Amino acid sequence: MGDCQTRQPDYPSSEVAVEITDSMNLCSPNTPSSLSIFHEDILLAILSFVADTPFEIVGGDNPTCGRSTLTHTLPLVSKQFYRLTKEHDIFWENALLRLVKKESMWEDGMRRFVFDSKCDKIRSDILERNHNRNRRDKRTKNNRLQEQRVQAEVDASLQMSTTSNVDNLKSDNTDNTAKEEALLKQACDAVEAFPPHNFASCSGVHQCIYKSIVHDHLRYQGPVFYMPSAIRLGSPYGLHFFEPRYRLLMSEVMAPYPVSARRGERISPMVPSLLPPSNNLRQNGDDDDIKADLLNVLEQNQSLLGKYHLPTFIHAHQSPLRKNTPATIVQVRQCMVSRDGSADVYLEPIAYVWIDQVFERPGTGGLYEARGIRMGKEASEAYERWCGMAHLSMGDGRGRAQQLPIP
């Protein structure tokens, strides 16, 4: 390939892309590219076989690294590849379908994205309704009638959108469309109805969905409780917090919840400004349409509410407390806070994470904060097998990363 040298990445999937580009002589300045004979759609189809996305292939010595062939290799091959990867959204669409089909973690992430988008839309409707109501109260009788007609049109459009969503779901079922495609369509409809803040910086709808899932679901940040112990997902356990830093942890985690949640009573899921119901909604029937939409969304997502809308923090139970060390996201199922601030808590592990960043918060007496990346199903199972072997002293001395392959 002459004097041109291709930079070799440090992860396996990119080697395939490099071999393909080498065989096509893309770097030779005097030889026309072999890709010039292909239509752009064919090129997109070819690249889709090697264009993996960030955190699609997770593992190795640096599982929190977000490098991928689509973002760090293919754009550096040529200007044509750079344009294709930056302008076309098909790579992100294919990746979402692959990941949702393969990993339940991504399916939950997409369901959370749809749920959060619907909640944001309802919050926006409540603010707009109250704003219009305040303006209407200052107008004359004729203007009030005109405002009511406008509001009736808004209500009709909301009902039509709800009906269209139901019709879309019915058509998906009748056409036997795959579950992954139906879920992805719901996510795309949610973006079109209420675009997220990062939509302008994305190449398309699917990249926007992908970024939102990584930022809001795969990544997790919270305060850290550090104590070596044996933990398994779904196996609850109890702790007594008495150190000042962990008293602060519990007070922060439980602060958004009612006082009854800190007195040993059942902790109910909470959605900011929506659940418990907001006082901004009137009880005289004016806001019944918004209440109906909210109730419908909450009923359809009961499993998400119970899994992702309860108080959580990170229990670091492996040493050392540093980057790429496994830890656990635990959910507070019951909490009893005493007068001196100490707390008896009942916790349930819900997910493993690789710690990405950890730092001590100033002025907290040694309370740490950490950010991590959720483990997938295969990695979680491999990690639990390693923990079981280490607990029985059956390790071979090579360490956690080498004893069992964690994908």
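Provide the solvent-accessible area of Asp216, counting protein heavy atoms only and rolling a 1.4 Å probe, rounded to the nearest 10 Å².
80
From the protein chains alone at 1.4 Å, what is the descending order of accessible area for Arg361, Arg322, largest first?
Sorted descending by solvent-accessible area, the residues read Arg322, Arg361.
Karplus couplings for segment 37-50 from phi (6.51 cos²θ - 1.76 cosθ + 1.60, θ = phi - 60°), rounded to Hz, Gly and Pro as x?
Values, residue by residue: 7, 9, 6, 4, 4, 5, 4, 4, 5, 5, 5, 5, 6, 10 Hz.
Ignoring ligands and nucleic acids, what accessible area does Met270 show with a 1.4 Å probe (Å², nearest 10)?
50
Can you give the accessible area of Phe38, probe radius 1.4 Å, in Å² rounded to 10?
Accessible area, nearest 10 Å²: 80 Å².
With each label point set 7 Å from Cα along the Cα-Cβ vector, what nm distance links Arg371 and Glu252?
Placing both labels 7 Å beyond Cα along the Cβ direction yields 1.5 nm.
On full extension of the chain, what length is gained from Arg133 through His215, given 0.36 nm per residue of separation minus the C-alpha to C-alpha distance?
Once the chain is fully extended between Arg133 and His215, it gains 26.0 nm.
For the residue pair Tyr82 and Arg98, what label-to-label distance in nm results when each label sits 7 Å from Cα along the Cα-to-beta-carbon direction?
With each label point 7 Å from Cα toward Cβ, the separation is 2.4 nm.
Grab the Cα-Cα distance for Arg263 and Ala292, subtract it from 0.36 nm times how many residues apart they are, and report the gain in nm with one decimal.
7.2 nm
Which entries in the list Lys79/Lys121; Lys79/Lys102; Lys118/Lys323; Lys179/Lys291 go over 30 Å, if you measure between the two C-alpha atoms of each?
Long pairs (Cα-Cα over 30 Å): Lys79/Lys121; Lys79/Lys102; Lys118/Lys323.
In nm, give the distance between the simple-model label positions of Glu181 and Ser48, each being 7 Å from the Cα along the Cα-to-Cβ direction.
Using points 7 Å along Cα→Cβ, the separation is 1.2 nm.
Order the following by accessible area, largest value first: Arg266, Arg67. Probe radius 1.4 Å; ligands, DNA and RNA are ignored.
The ordering from most to least exposed comes out as Arg266, Arg67.
The values are calculated or read from the model by the stated rules, or taken from the named source; none is laboratory data. Since the structure is predicted, the reported quantities are computational estimates derived from the model, not experimental observations. Every residue, glycine as well, gets a Cβ built from its backbone with ideal geometry; the counts of neighbours run over all protein chains shown. All accessible areas refer to the heavy atoms of the entire protein, side chains included, with ligands and DNA or RNA removed. Shrake-Rupley method; radii C 1.70, N 1.55, O 1.52, S 1.80 Å.
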